[in-house]
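These notes concern the structure reproduced below.
The values are calculated or read from the model by the stated rules, or taken from the named source; none is laboratory data. Everything quoted here is computed from the prediction, not taken from an experiment. Cβ: placed from backbone, ideal geometry, glycine included. Neighbour counts: every protein chain shown. Surface accessibility is based on the protein's heavy atoms, side chains included, excluding ligands, DNA and RNA. Shrake-Rupley method; radii C 1.70, N 1.55, O 1.52, S 1.80 Å.
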Amino acid sequence: MHTSTIAECAAMSESWTTFFQQLVEDGAEAGVFQRVAPAAEIAQRMVALSDGLSFRSAIGYTGMQVHRVRALLVSFAAQQLGVRAEALAEA
């Protein structure tokens, strides 16, 4: 892969990670989330899982339709944030 492409992908991933980290920190400070790990770690987990599931969906893995990917991400996020999955699915 070309070096500039890797740098662009890394920057995009970092941007998503920063976004999720801030979201987790804000929610924890507001008392909405009861996180199970530091916000930075949860953000890295979410981005990694999202990347992997999105890849599987994009190339057509069996059972990885968009609705299934969303359900897996919502379930995982709920576990990481200490909230009910239903509460996140409504958002």
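Under the condition of being in a helix (DSSP H, G or I) and open to solvent by 60 Å² or more (accessible area, probe 1.4 Å), which residue from the range 23-47 is farthest from LEU73 (Cα to Cα)?
Keep residues of the range 23-47 that are in a helix (DSSP H, G or I), which gives 23-29, 39-47.
Filter once more, keeping what is open to solvent by 60 Å² or more (accessible area, probe 1.4 Å): 23, 26, 29, 41, 44-45.
Working: LEU23: 15, ASP26: 20, GLU29: 22, GLU41: 16, GLN44: 13, ARG45: 10 Å.
Going through the qualifying residues, I end up with GLU29.
Open to solvent by less than 90 Å² (accessible area, probe 1.4 Å) and hydroxyl-bearing (Ser, Thr, Tyr), is that true of THR3? Show your work before the answer.
On the way: open to solvent by less than 90 Å² (accessible area, probe 1.4 Å): no; hydroxyl-bearing (Ser, Thr, Tyr): yes.
No.
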Within the bounds of the range 7-22, is there any residue that is in contact (Cβ under 8 Å) with a residue 12 or more places away in the chain, surrounded by 11 or more Cβ atoms within 10 Å (Cβ to Cβ), out of contact with any Phe, Trp or Tyr (no Cβ under 6 Å at 6 or more places or on another chain) and in a loop (DSSP other than H, G, I, E, B)?
-> no
